[in-house]
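Asks: Please see the structure below; I have some questions.
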Amino acid sequence: MECRGYSEGLQRAMTDLGADDPFMGAAAKLKEHYGIEVPVSAVRAITEEHGAAMLAQEKDQSDWPDRVGVPMLIVEMDGSMLPVVETAPPGTGDALGDRRKTRQVVWKEARLALAHEPGSVTPIFGATVGSVQEAGERLAVCALEAGAGSQTKFHGVGDGAVWITEQLEVQFGTQAQYLLDFCHLCDYLSAAGDGIAGNHKSAWMEEKQGWLKDNGWKAVLETLRPFLEPAPIPDPEAPVRACLRYISNHSNFLDYKGALAAGLPIGSGEIESAHRYVFQNRLKIAGSWWKMENLKKMIALRVARANRGWEDYWRNVPKIAA
């Protein structure tokens, strides 16, 4: 085992650096700051072993506790593509030892979930590279950790992806309400406004955004209809059609007036920015790729840090070092 022979303190320093920096850079920082020269392979192995331990400690979904729970939780989910290397069996005539010819980098979706009470700046995170059902279960675990109960209402916000809205219903039923991300909708509206409003687009957008925030989405649709592109024009070249369709298809998720009155968010920027600092800043850097089993370990490590579980983990660290 790679951890054998390294003290717990050194393992912690190696894991700390390996969690945030490429393993080669982490080894260089160990030498620079601590005067300790450690092989890059050891930094990788120890970081991933502790990531595996954190993954094993993640809580499974459980039944709802017998409690009322907090009044309201904000819940969000979204996916991010991360680079994974896959190795196929060697073809006829390939040398058994040369697996480079059989490697290919593919993109796999990692799904991130969060939950917190309104006004809180410390969300509880969960993540998976598994199915949408697993993502929903991770969201439910986040909600339970954040204080959910039988009377808790759930405010979800996102881009309207079907897997997200379905999992919100599966996990929370009628206790959940979902809101279409306002900025995402405005992207569609802005594209439509280019051809409708011309030089007056700024004022046009401000007016239509005001209507939407007052739940006047039907009036926005009526404004768009006279400018619908002819049917022969393909969808990628028909921004008005795309906007009208997007609003119509998500009309059940447009209660911006209610959300604003309740002081709830109408945008999903929180989960989008979380993808950057939980996943991408470490796992999507230039030139990086991961075996799936190691990606799972690194995601667990990054989530544990984001959940402020770093100190607790090291207080009760599994004794991997001999």
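The values are calculated or read from the model by the stated rules, or taken from the named source; none is laboratory data. Being a predicted model, the structure only gives us computed values, none of them experimental. Glycine gets a Cβ as well: all are built from the backbone with ideal geometry, and neighbour counts include every protein chain shown. What goes into the accessible areas is simple: the full protein's heavy atoms, side chains included, and nothing from ligands, DNA or RNA. Shrake-Rupley method; radii C 1.70, N 1.55, O 1.52, S 1.80 Å.
Asks: If the Cβ limit is 6 Å and pairs must be 6+ apart or interchain, which residue in segment 138-164 that is part of a helix (DSSP H, G or I) and open to solvent by less than 10 Å² (accessible area, probe 1.4 Å) pairs with which residue that is modelled with pLDDT under 95 and not aromatic (Phe, Trp, Tyr)?
Replies: So the pair list comes out as Ala140/Gln61.
Asks: Could you tell me whether Ala19 is among the small types (Gly, Ala, Ser), open to solvent by 10 Å² or more (accessible area, probe 1.4 Å) and part of a helix (DSSP H, G or I)?
Replies: In short, no.
Asks: Please go through segment 140-164 and give me each residue that is in contact with a Phe, Trp or Tyr (Cβ under 9 Å, 6 or more places away or on another chain) and within 14 Å of Ile124 (Cβ to Cβ), ordered by number.
Replies: Ala140, Cys142, Ala143, Leu144, Ala148, Thr152, Phe154
Asks: Considering only segment 169-177, I want to know if a residue exists there that is under 27 Å from Leu295 (Cβ atoms) and either open to solvent by 20 Å² or more (accessible area, probe 1.4 Å) or assigned to a helix (DSSP H, G or I) (or both).
Replies: The answer is yes; a qualifying residue exists.
Asks: If you take the residues in segment 30-87 that are basic (Lys, Arg) and assigned to a helix (DSSP H, G or I), which one is surrounded by the most Cβ atoms within 10 Å (Cβ to Cβ)? It would help to see each step written out before you state the result.
Replies: Step one: of segment 30-87, the residues basic (Lys, Arg) are 31, 44, 59, 67.
Next, from what is left, pick out any that are assigned to a helix (DSSP H, G or I): 31, 44.
Values: Lys31: 11, Arg44: 19.
The residue in question is Arg44.
Asks: If Ser273 passes every condition in (1) surrounded by fewer than 15 Cβ atoms within 10 Å (Cβ to Cβ); (2) more than 25 Å from Ala110 (Cα to Cα); (3) free of Cβ contacts under 8 Å to residues at least 24 places away in the same chain; (4) not basic (Lys, Arg) but one, which one does it miss?
Replies: All conditions are met except number (2).
Asks: As an exercise: evaluate Glu229 against (1) of a type in the set (D, E, K, R); (2) over 29 Å from the mean Cα position of the chain (by Cα); (3) open to solvent by 50 Å² or more (accessible area, probe 1.4 Å) and give the number of the one condition it does not meet.
Replies: The one condition Glu229 does not meet is (3).
Let's see how each residue does on (1) free of Cβ contacts under 8 Å to residues at least 60 places away in the same chain; (2) surrounded by 14 or more Cβ atoms within 10 Å (Cβ to Cβ); (3) not hydrophobic (A, V, I, L, M, F, W, C):
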site	(1), (2), (3)
Tyr188	yes, yes, yes
Gly195	yes, no, yes
Asn199	yes, no, yes
Met205	yes, yes, no
Lys213	yes, yes, yes
Val220	yes, yes, no
Pro239	yes, yes, yes
